[in-house]
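Have a look at the structure below before the remarks.
The values are calculated or read from the model by the stated rules, or taken from the named source; none is laboratory data. Just so you know, these numbers come straight off a predicted model, no measurement behind them. Cβ: placed from backbone, ideal geometry, glycine included. Neighbour counts: every protein chain shown. Keep in mind that these areas ignore ligands, DNA and RNA; they rest on the heavy atoms of the full protein, side chains included. Shrake-Rupley method; radii C 1.70, N 1.55, O 1.52, S 1.80 Å.
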Amino acid sequence: MADYFTHFSCLIDVGSPDKAARALALFRELRAADQDADDPDVAGFDLVHKNAPEGSSLWIHDDDQGDVEAVIRFVLRLAEELDLTGLWGFQYALTCSRPRLDSFGGGTHAIDLGARKSLGWSSTQEWLVAALNGEDVDA
């Protein structure tokens, strides 16, 4: 039997040490609320304050079974709570403990923090299928 994993590791700069502390507090609050939830908000990733207490960067990384959608929801919530602006994005990798067809790949997401929305995403699997079908894809 094979085990499947989603991995990611990225930084988000929230602009100030105060905002970083507030982001961590929000994360901990949501994590505590998730203990009793059927559909947790912040499962599948961890949040660490880089260069605490004076830094403004937060490290978001998977916990072996990463949840890409949970990261996007959390970052959009952070953008709202902390009034973040600018563009942000991250990449993820799909891996497997054993060789399996269609079990490896990845993707990327881009988010407009100020508009509080996803700009788009890309999947290596979907790109490859389109390219092999002769579709006009950007390289």
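Taking square-rooted eigenvalues a ≥ b ≥ c of the alpha carbon gyration tensor, is the range 1-130 rounded, prolate or oblate, where a/c under 1.5 means rounded and, failing that, a/b exceeding b/c means prolate? Can you show the working numbers first?
Details: a/c = 2.05, a/b = 1.52, b/c = 1.35.
Since a/c reaches 1.5 and a/b is larger than b/c, the shape of the range 1-130 is classed as prolate.
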Euclidean distance of C-alpha centroids, the range 18-41 and the range 68-139, integer Å: 23
Relative contact order of the range 1-103, pairs being alpha-carbon contacts under 8 Å that are 6 or more residues apart, as %: 41
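How big is the dipole moment of the chain about its Cα centre under a simple scheme where the beta carbon of each Lys and Arg is +1, that of each Asp and Glu is -1, and everything else is neutral? Debye, nearest 20, please. Walk me through the numbers before you get to the answer.
Numbers: 11 positive and 25 negative charges, 61 e Å.
Using Cβ point charges on Lys, Arg, Asp and Glu, the chain gives about 300 debye.
Counting alpha carbon pairs within less than 8 Å and at least 6 residues apart, what relative contact order, in whole percent, applies to the range 64-139?
It rounds to 23 percent for the range 64-139.
Calculate what fraction, in whole %, of the accessible area of the chain sits on carbon and sulfur atoms when a 1.4 Å probe is rolled over the protein chains.
On the way: 4200 of 8370 Å².
That fraction is 50 percent.
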Degrees, to the nearest 10: 68-82 long Cα axis against longest axis of the chain: 30
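Over the chain, with the other protein chains present, what is the accessible area per residue in square angstrom, probe 1.4 angstrom? Please list the in-between numbers first.
Working: 8370 Å² over 139 residues.
I get 60 Å² per residue for this part.
Go through Phe5, Phe90 and list them by solvent-accessible area, largest first, probe radius 1.4 Å. Kindly include the intermediate steps, with their values, before the conclusion.
Values: Phe5 55, Phe90 5 Å².
Greatest to least solvent exposure: Phe5, Phe90.
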C-alpha long axis of helix 17-34 to longest principal axis of the chain, angle in °: 70
